[in-house]
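The values are calculated or read from the model by the stated rules, or taken from the named source; none is laboratory data. Since the structure is predicted, the reported quantities are computational estimates derived from the model, not experimental observations. FYI the Cβ positions are ideal-geometry reconstructions off the backbone, even for glycines, and counts take in every protein chain you see. Calculation scope for accessible area: heavy atoms of the full protein, side chains included, ligands and nucleic acids excluded. Shrake-Rupley method; radii C 1.70, N 1.55, O 1.52, S 1.80 Å.
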Amino acid sequence: MTGIRRRPDTPADGPRWVVRGRPVSSYLAEALGTAWLVLAALTAVSFTMRADGGLPSSWPLTVRLAVVGVSVGGSLAVFSLTPPGKESGAHLNPAVSLFMALRGVLGVGDLLAYSVCQLGGSVIGVLVARGIWGERVTDVHDGLIQPGPGWNGAAVVSLGEAVSTAVLLCVLAAMTSRPRPRSTPWVTGATVALLIASTGSRTGASFNPGRNFGPHIVSGDYHLFWPYMLAPLGGALVAASALALFRPGSKAWTAKVCCERDLHRYRHSRPRPRHHTFSSPR
């Protein structure tokens, strides 16, 4: 029997609802988390990048980018520690989901569902930011990321975004190649913040198709749409290939950035891979 049903072997303290054998709660969590991430980003951008003569907008660009980086990286880390973040793994980025799929810890069906929900959550995040901040968000073009002067070429943007994404994913791989220490969400968030602060004035520092998808759609501006959508996915391919080449045989511990199975709860056994279907109770 198909449709929505409860997984038979679900523990009493963690009900999960599935459609055709897949957990709906994880997908909804990715949409919620991406909306939260985009809202945090647009809130920071609307207060630091809007040319209104206010104090934040008069700060040096490096300082303003650092504020945006801390906002985005911090929101990612915080969501990773919430129940929805622990449920889905808090990817909030199609490039992260692709990377986990290439490493064999996320199924193809989950990859597609995660990516669709992340992109949908991005649009929701922009609309919520508009509803809360109004013209502050529209004045910054709905938070649309674009490159700085001299970095406007599609090839340059693609290269910069791919390299930034690969760096982020290599850090994430180092943290998820073993039972996660408690610091994993914060290390990942700090890496995102540093990348935004260091590359934001050049390529715009998206390295996440989900971050720029909503602003592109809502604003109707599709300048450099494909580089910002595809380059992070290319970075995921590069990072996964580099790990396969230089660390053959290395396995990812899990597809989740943070969940209940952290280092302090390590039980000397690897978690079982996610199955595409669940067997019926006998």
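Taking all C-alpha pairs of segment 158-203, those more than 11 Å from each other amount to 66 percent.
Within segment 55-116, report the chymotrypsin sites (Phe, Trp or Tyr not before Pro) that DSSP leaves as loop and that have at most 10 other Cβ atoms within 10 Å. Walk me through the intermediate numbers first.
On the way: sites: Phe79, Phe99, Tyr114; in loops: none.
Sites meeting the loop and neighbour criteria: none at all.
For segment 52-170, the share of alpha carbon pairs falling in successive 5 Å distance bins from zero is 2, 9, 12, 19, 22, 17, 12, 5, 2, 1 percent.
What does the C-alpha gyration tensor say about the overall shape of segment 105-152? Classify as rounded when a/c is under 1.5, otherwise prolate if a/b is larger than b/c, or oblate. It is oblate, given that a/c is not under 1.5 and a/b is not larger than b/c. May I ask you to give the percent of accessible area on segment 20-128 that is carbon plus sulfur, with a probe radius of 1.4 Å? Carbon with sulfur: 77 percent of the solvent-accessible area.
Compared with the rule-of-thumb size 2.2 N^0.38 Å for a compact globular protein, segment 164-240 has a Cα radius of gyration ratio of 1.20. Tell me, what does the Kirkwood hydrodynamic radius of segment 126-176 come to in angstroms if you use every pair of distinct C-alpha atoms? Value: 13.5 Å, from the Cα pair sum. Kindly provide log₁₀ I(q)/I(0) values, in the same order as q = 0.22 Å⁻¹, from the Debye equation applied to equal alpha-carbon scatterers of segment 99-245. Taking Cα atoms of segment 99-245 as identical point scatterers yields -1.47. Here Ile124 sits with roughly 90 square angstrom of accessible surface, probe radius 1.4 Å. The dipole here belongs to segment 132-251: it is taken about the Cα centre, uses +1 on the Cβ of Lys and Arg and -1 on the Cβ of Asp and Glu, and is about 760 debye.
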